[in-house]
Amino acid sequence: MIPSILPTYNRAPLSFETGTGSWLVATDGRRFLDLGAGIAVNALGHAHPALVETLTEQANRIWHLSNLYQIPEQQKLADMLVDLTFADTVFFTNSGTESCELAVKMARRYWSERDPARTRILTFEGCFHGRSSAAIAAAGTEKMTKGFGPLLPGFTQLPFGDHDALREAAQAPDIAAIMVEPVQGEGGIRPLPDACLKGLRDLCDETGALLIFDEVQCGVGRTGRLFAHEWSGATPDIMMVAKGIGGGFPLGAVLATERAAGPMTAGSHGSTYGGNPLGCAVGAKVLEIVSDPDFLVDVNRKAGLLRQKLEGLVSSHPDIFTEVRGTGLMLGLRCKAPNTDLVNAAYAEEILTVAAADNVVRLLPALTITDEDLAEAVDRLDRAAARLEAAA
């Protein structure tokens, strides 16, 4: 008999009732240190006072307005994003996968008025852009697509890091865009080197293709800059954002240049809930906090501290780990043992992590995590690794 909640998740036998900062309290009273942050969503941790205050204040004013009307909270957040980034314009969504849908539509709409044959989008092995029809077609893996055909056409997946294959594919006359995560999250915490991001920008400038960055997981301070691509100096034409921008409230966005977004005229796209006053009020407060240079300096300091401790952890458990990978507070432990074994051992030590591809365990703590909690986190991971060694 099918359960009342569609069983599409392999859920851990854990339920939580309260959370503060980097800590969650389970229904049985146990306190868990959260290194998953809702898969990089709770950028400022649980129940951040400024977000609670902002949400409560806005909830007492107005929750929802149709996009048939002007929404001041939406305008404020859009202006902030334009001021802080490469973008000239913003469309608000509710999730990363909705942002992917619009990014794909925007790229194809752009070419529909210039060269209608240019519809194909290049993506990369290991990518994850969401679970909508366009997003799974972009990923192209059997895991994502099996049973959901016919797939939306017009995507070609290239080997990760194969520059020759990329250059050859990009010369084809039907290429509309190249879509890439500056740091792959689901794919196993694989950063794209700055030189590669610059090379992608140069290649798109050469061929005319649009460059789409997916910063749904790696954006909003996660790597120590407001957006991960800023480290390289290369800018996209279109960028997908979600997760951390709402600090836990469902919110996403597509940022774009005027050139890329120009053909998206009235009636070409829409969203019932996208850009609602509640989400945008919270998003503006998140952005105000995370974009502060001092805040980002501290994220980088904590990232260095955590990486140093994790390198020691890997050295101490050579039969469990092979390496630390990633950047900022978006780090991964590549395992020798099955990564799910480590995730489960970590549950026993009351710490939450997130599995990823390539046998990696993701560590995505709140950007506000304290030094003391970072030290405690590594101690608990050390004990989890020791559990696996003892069971071997």
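The values are calculated or read from the model by the stated rules, or taken from the named source; none is laboratory data. What you see is a predicted model, and the numbers here were worked out from it, not measured in a lab. Don't worry about glycine lacking a Cβ; one is built from the backbone with ideal geometry, like all the others, and counts go over all protein chains shown.
What the table below lists for this structure:
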{"read-out": "Answer residue from the range 87-117, given it is closer than 14 Å to G270 by Cβ and among the aliphatic types (A, V, I, L, M) and is surrounded by the fewest Cβ atoms within 10 Å (Cβ to Cβ) among those", "value": "M106"}
{"read-out": "Qualifying residue in the range 25-38 (condition: within 16 Å of G283 (Cβ to Cβ), modelled with pLDDT of 95 or more and out of contact with any strand residue (DSSP E or B) (no Cβ under 7 Å at 6 or more places or on another chain))", "value": "yes"}
{"read-out": "Test result for A356, touching a strand residue (DSSP E or B) at 6+ places or on another chain (Cβ under 9 Å) and under 30 Å from L102 (Cα atoms)", "value": "yes"}
{"read-out": "Looking only at the range 210-236, and only at residues there that are part of a loop (DSSP other than H, G, I, E, B) and free of Cβ contacts under 8 Å to residues at least 60 places away in the same chain, the one that is surrounded by the fewest Cβ atoms within 10 Å (Cβ to Cβ)", "value": "G233"}
{"read-out": "Lone qualifier among P191, P153, P173, P182 - being in contact with a His (Cβ under 6 Å, 6 or more places away or on another chain) and modelled with pLDDT of 95 or more", "value": "P182"}
{"read-out": "Strands (runs of 3 or more DSSP E) wholly inside the range 1-86 containing at least 1 residues that are surrounded by 12 or more Cβ atoms within 10 Å (Cβ to Cβ) and in contact (Cβ under 8 Å) with a residue 60 or more places away in the chain", "value": "23-26, 31-34"}
{"read-out": "Residue within the range 372-389 that is at pLDDT 95 or above, assigned by TED's automatic domain parsing to the domain that holds A26, in a strand (DSSP E or B) and in contact with a helix residue (DSSP H, G or I) (Cβ under 9 Å, 6 or more places away or on another chain) present", "value": "no"}
{"read-out": "Breaking point among (1) crowded, with 18+ Cβ neighbours inside 10 Å; (2) touching a strand residue (DSSP E or B) at 6+ places or on another chain (Cβ under 9 Å), for T207", "value": "(1)"}
